[in-house]
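All remarks here apply to the structure that follows.
Taken together, the values in this text are just the output of simple stated rules run on the coordinates, not laboratory data. This is a predicted model, so every value here is computed, not measured. A quick note on method: Cβ atoms are made from the backbone with ideal geometry, for glycine too, and the neighbour counts reach across all protein chains shown.
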Protein chains: 4
Amino acid sequence: MRKTVLASLAVSAAILLGAAAQAQAPAGPPMYGTPGINLEQAQKAIAAAAAEAKKNNWYMAIAISSNGGHLVAFSRMDGTQFASINIAIHKAKAAATFRRPTKAFADAVAAAPGNVALLTLDGIIASEGGIPITNAEGKIIGAIGCSGATGAQDGQACAAGVAALK
Amino acid sequence: MRKTVLASLAVSAAILLGAAAQAQAPAGPPMYGTPGINLEQAQKAIAAAAAEAKKNNWYMAIAISSNGGHLVAFSRMDGTQFASINIAIHKAKAAATFRRPTKAFADAVAAAPGNVALLTLDGIIASEGGIPITNAEGKIIGAIGCSGATGAQDGQACAAGVAALK
Amino acid sequence: MRKTVLASLAVSAAILLGAAAQAQAPAGPPMYGTPGINLEQAQKAIAAAAAEAKKNNWYMAIAISSNGGHLVAFSRMDGTQFASINIAIHKAKAAATFRRPTKAFADAVAAAPGNVALLTLDGIIASEGGIPITNAEGKIIGAIGCSGATGAQDGQACAAGVAALK
Amino acid sequence: MRKTVLASLAVSAAILLGAAAQAQAPAGPPMYGTPGINLEQAQKAIAAAAAEAKKNNWYMAIAISSNGGHLVAFSRMDGTQFASINIAIHKAKAAATFRRPTKAFADAVAAAPGNVALLTLDGIIASEGGIPITNAEGKIIGAIGCSGATGAQDGQACAAGVAALK
């Protein structure tokens, strides 16, 4: 029964996507025109960030997002607090969608009492440990987010992840 | 005061993004490495969809999203029901992130009683009127979503929007 | 204390809403007017705000909402950070539903530490760049929200959008 | 009626959980075990599921959660639709927190029209491709979720991931 459902869905999709799309993509689904960071790069960055964390005895969740904020890869080191899962993902997404390290927000809020107004900006996270990842041309292809230790330590692990892709 | 806050934020960001990024992007913020549909294309598609709707006396909300589901442009024709605002945006996002017309889901659910199980898939919308937009190579660069009339009519307006970019 | 906060906020709002609004509504806040902003007006305001942004090399998302906070039109200039999409929509909605520029909130929060209590008000956003749009009788017919540069720059682009409808 | 629905669901779950689980836990559902799945096991399961997907030209997002539903590891194969990110995570979480393959829900909903009532259960996802992961004693230590192809194909990739840990 389930098979029938899915088969019919696949057929509908094939018909709806039309002859043109089929001609250009005979096997598999249509691809996105704009791939960002790929999985191999993401895993390399995570491995480097995790190595930096391990060396320092830090327990961290490490997330890589595309430049649109979509999760590409994630690892939670054994022993990491559960809260850090969403925080790491949030930091990566914020670094990508605001195109700046999340430390910029932490610093701005700390600089003066009134700066807490920044906290109302949708999607913000005001803690170090989220850094955009750029390609050779300096364009943003994704971001890394780390959480589990102090903000500065999270940022240090993230920086190691970014450096691994240079 | 506010100026100081923002200036300090801008400075922090500049410092954090580092010398390399600055060298490659001396003016303005760093760009994303992967632009999808641009605003001019989005406005052209909306205009065509709106013309099709107007010709038929339909009142519609029309949304264009990037291939990652981010809103690029939106128009709510005067007289359109408020509920259609979010529905149009949802349809565009679903067409982009599921890489298929939302009609595929409406058809699958209608095909057999058990197919309602599909409704539990995150981000799904099972109504016609969301269509991916592809470039000359058949790759998805965005999507259009229309809402305000019947599903078939929403789909007809969307199709006019897609056709305008061929 | 609470009274002081709110009184100072009311004063800020009065100043920000300007002499014109005060002349037409010497007592109490500006009222909502009908009909609300239409799509043609919304597009005109967006075009003017975008022109102001382009002239200054700013990348912005620009949203127009009805006086009820419903999205009427939206444009994301090519190259604008993704985070600004939701922020621009939020600013327009807040300016409409609170009937004051969002700068009023940013200023109030910056004025004294205790004012952070304002951040718990549902729907608030304490950042410049959201302005109500009034008709010839000084009644609110919608609002504009801009995001992508500093708060002051977002506000400058918004003001250009508002001015285009005078 | 409600009783019938739930009884049939329990039967489906029992069948799906297989002979091994039944032998170790003849009465009642499988219990949670500690320690939970670790990162090394999670990465091994993801690698096996991804290899199965790659061999078949499927593009998938693959998530591993702890038995409490917390994300442990995640990989989005290059070219996978964005919608599958949240769906894969959701499937893993549902398989862990409901202690049964998500296929049980898809089957139950397909079995009779009235079973759509199941769709209101918090956290449910009625699509194949989420499977609990048990330790040598048959206790649940985590779960795997796959999304990107048909439900049956998602389930096949998940099964390969589970098998890699035996």
Quick one: 3J(HN,Hα) in Hz for the stretch A:137-152, Karplus 6.51/-1.76/1.60 with θ = phi - 60°, rounded, Gly and Pro as x. 8, x, 8, 6, 10, x, 7, 10, x, 10, 8, x, 10, 6, x, 5
Expressed as a whole-number percentage, the relative contact order of the stretch A:39-163 with C-alpha contacts under 8 angstrom and at least six residues apart is 31
Of the options A:PHE98, A:ASN86, A:SER75, report the single residue whose Cα projects farthest towards the positive end of the charge dipole of the stretch A:61-109 (beta-carbon charges: Lys, Arg +1; Asp, Glu -1). A:PHE98
Other chains' Cβ within 10 Å of A:100-112 residues: what's the mean? 5
Could you work out, residue by residue across A:132-139, how many beta carbons of other chains sit within 10 Å of that residue's beta carbon, and then give the average as an integer? 6
Classify the stretch D:73-159 from the C-alpha gyration tensor, please: rounded if a/c falls under 1.5, else prolate or oblate depending on whether a/b exceeds b/c. oblate
Could you give me the ³J(HN,Hα) list for the stretch B:43-48, computed from phi with Karplus coefficients 6.51, -1.76, 1.60 and θ = phi - 60°, whole Hz, x at Gly and Pro? 5, 5, 5, 4, 4, 5
For the stretch D:133-166 versus the stretch B:106-141, the gap between their alpha-carbon centres in whole angstrom: 26
Under a 5 Å amide H to amide H cut-off, with H placed in plane at 1.01 Å, what residues pair with B:ILE133 once short-range neighbours are removed? B:ILE141, B:GLY142, B:ALA143, B:ILE144
So the label point sits 7 Å from Cα along the Cα-to-Cβ vector; using that for D:MET31, what distances do you get to the other copies, in nanometres, sorted shortest first? 5.0, 6.1, 7.0
Under 5 Å from the placed amide H of D:VAL72, counting only residues 5+ away or on other chains, we find D:ILE64, D:SER65, D:SER66
Please report the net charge: other residues with Cβ closer than 13 Å to the Cβ of B:THR97, K and R +1, D and E -1. +4
Karplus-derived HN-Hα couplings along the stretch C:112-125 (A = 6.51, B = -1.76, C = 1.60, θ = phi - 60°), whole Hz, x at Gly and Pro: 7, x, x, 5, 4, 4, 4, 5, 8, 6, 4, x, 6, 9
For the cross-link pairs A:LYS139/B:LYS93; A:LYS91/C:LYS103; A:LYS93/B:LYS139; C:LYS139/C:LYS166; D:LYS91/D:LYS166, which exceed 19 Å when the distance is taken from alpha carbon to alpha carbon? A:LYS139/B:LYS93; A:LYS91/C:LYS103; A:LYS93/B:LYS139; D:LYS91/D:LYS166
